[in-house]
Structure formats: C-alpha cells, structure tokens
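Colleague: Sharing a structure here in structure tokens format.
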Amino acid sequence: MTQRMVRAVANPHVDILGHCTGRIVVGKGRPPSAFDAVVVFEACAAGGTAVEINSRPERLDPPDALLRDAMKAGCMVSIDTDAHAPGQLEWQHNGVRKAVACGVETPRVINTWPADQLLAWMSGAKKEE
C-alpha cells in the first residue's frame with residue numbers, strides 16, 4: 001500500500017488523502033491497511049496533500065498515533081464528516097475532538113482557512129510552495 005499511496009498523493013490533482021487506513025471500528029469492523037506511515041505522510045507534506053481526519057463514528061480515521069505521525073511530518077489536515085445524509089453533519093465534532101487531542105493546530109486545518117486561501121491552495125498554489 002505504501003507505494004500506491006505515495007504515487008496517489010504525488011498526483012497534482014490530489015488535494016486530500018482520505019480514509020488513509022480504510023479501517024472501520026464499529027460492528028464487524030475492518031482492520032487498518034498496513035503501510036509505512038512515515039513515508040506516506042512525508043510524501044503528503046512534501047507534495048502539499050492534506051490528510052483527512054474522518055469524523056464518521058465507525059471510521060475515526062486515522063488512529064491517534066498515525067495522526068500524530070502526520071503532524072510530525074508537517075502535514076496539513078482536513079476535518080470532514082464523511083456524511084451521507086444531512087443529519088450526519090453533526091459528526092464534525094468527533095474530528096475536531098480528535099484533532100485537539102492529537103495537538104493539531106488550527107492553521108494546519110485547511111477547512112478553517114478563508115475561502116480565497118483554500119481555493120488558491122486547491123487550484124495548485126500548494127504544489128508550488
């Protein structure tokens with residue numbers, strides 16, 4: 001998985017690495033994929049690709065230890081709900097709580113940025129920094 005993920009995050013059209021482990025922590029669940037997190041997160045940081053904090057209760061991805069690794073690597077993050085219906089938007093607090101617990105600073109959360117900054121980043125300015 002490591003090389004596949006590194007190739008994906010190096011693509012200039014990829015802005016966010018989502019579901020980085022693919023895990024599901026509720027019900028029958030699904031274990032996380034095995035990959036070299038240091039290599040992947042360094043590639044994210046180098047290429048300006050953010051790491052998703054997935055707020056969906058059955059995912060809560062990445063695990064705290066990996067989120068801390070992403071922070072050490074210098075990654076930006078995006079906190080999202082992974083909502084499939086309007087009522088699921090309330091899950092955002094799960095990701096915010098995870099970000100705070102793992103020491104994610106607000107300026108590293110791309111969806112806290114002003115719209116013009118986020119749009120510039122997404123349009124390719126991030127790859128030139």
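Colleague: For each of I53, I79, I110, count neighbouring Cβ atoms within 10 Å of the residue's Cβ, then give the residues from fewest to most.
Modeller: Fewest to most other Cβ atoms nearby, the residues stand as I110, I79, I53.
Colleague: Taking the Cα atoms of segment 72-116, report the difference between the largest and smallest coordinate on each principal axis, in whole Å and largest first.
Modeller: 33, 28, 14
Colleague: Moving on to the next point. Ordered by residue, what ³J(HN,Hα) values in Hz, to whole numbers, does segment 82-98 give under the Karplus form 6.51 cos²θ - 1.76 cosθ + 1.60, where θ = phi - 60° and Gly and Pro are x?
Modeller: After applying 6.51 cos²θ - 1.76 cosθ + 1.60, I find 6, 5, 10, 7, x, x, 7, 5, 5, 6, 3, 4, 4, x, 5, 4, 4 Hz.
Colleague: Could you pull out every residue, at least 5 positions away or on a different chain, whose amide H is within less than 5 Å of the one on V109? Hs are placed 1.01 Å off N in the peptide plane, and Pro or chain starts have none.
Modeller: Amide H to amide H, under 5 Å and 5 or more residues apart or across chains, V109 pairs with V77.
Colleague: Can you put V40, V26 in order, fewest other beta carbons within 10 Å first?
Modeller: Fewest to most other Cβ atoms nearby, the residues stand as V26, V40.
Colleague: Any idea what the relative contact order of the chain is, in percent, if you count C-alpha pairs under 8 Å spaced at least 6 apart?
Modeller: 23
Colleague: Gaussian network model of the chain, Cα springs within a sub-10 Å range: biggest mean-square fluctuation belongs to which of E42, E52, E90?
Modeller: E90
Colleague: Would you kindly derive the ³J(HN,Hα) couplings of segment 12-21 from the backbone phi angles with the Karplus curve 6.51 cos²θ - 1.76 cosθ + 1.60 (θ = phi - 60°), listing them in order in whole Hz, with x for Gly and Pro?
Modeller: Once θ is set to phi - 60°, the couplings for segment 12-21 become x, 8, 9, 9, 9, 8, x, 6, 4, 9 Hz.
Colleague: Return the tail of the calculated pair distribution for segment 2-128, meaning the percent of Cα-Cα pairs more than 26 Å apart.
Modeller: Percentage above 26 Å: 16.
Colleague: I'd like the FRET efficiency for A46 and A85, computed as 1/(1 + (r/R0)^6) with the beta carbon distance as r and R0 of 41 Å, rounded to 0.05.
Modeller: Computed FRET efficiency for A46 and A85 comes out at 0.70.
Colleague: Restricting to bridges with both residues inside segment 2-128, how much of the DSSP beta-bridge set is antiparallel, in percent to the nearest 5?
Modeller: Taking every DSSP beta bridge with both residues in segment 2-128, the antiparallel ones total about 10 percent.
Colleague: Also, I was wondering about something else. For a quick check, take a GNM of the chain with Cα springs below 10 Å and name the residue from V39, V51, V104 with the largest mean-square fluctuation.
Modeller: Comparing V39, V51, V104 in a Gaussian network model of the chain, the most mobile one is V39.
Colleague: Then there's this: Can you list residues whose amide H is under 5 Å from L17's amide H, if they're 5+ apart or on another chain and H is modeled 1.01 Å from N?
Modeller: Here A50, V51, E52 satisfy the definition.
Where a number appears in this text, it was derived from the coordinates with a stated rule and is not lab data. Quick caveat, the model's predicted, so the values are computed rather than measured. All Cβ positions, glycine included, derive from the backbone under ideal geometry; neighbour counts span all protein chains shown.
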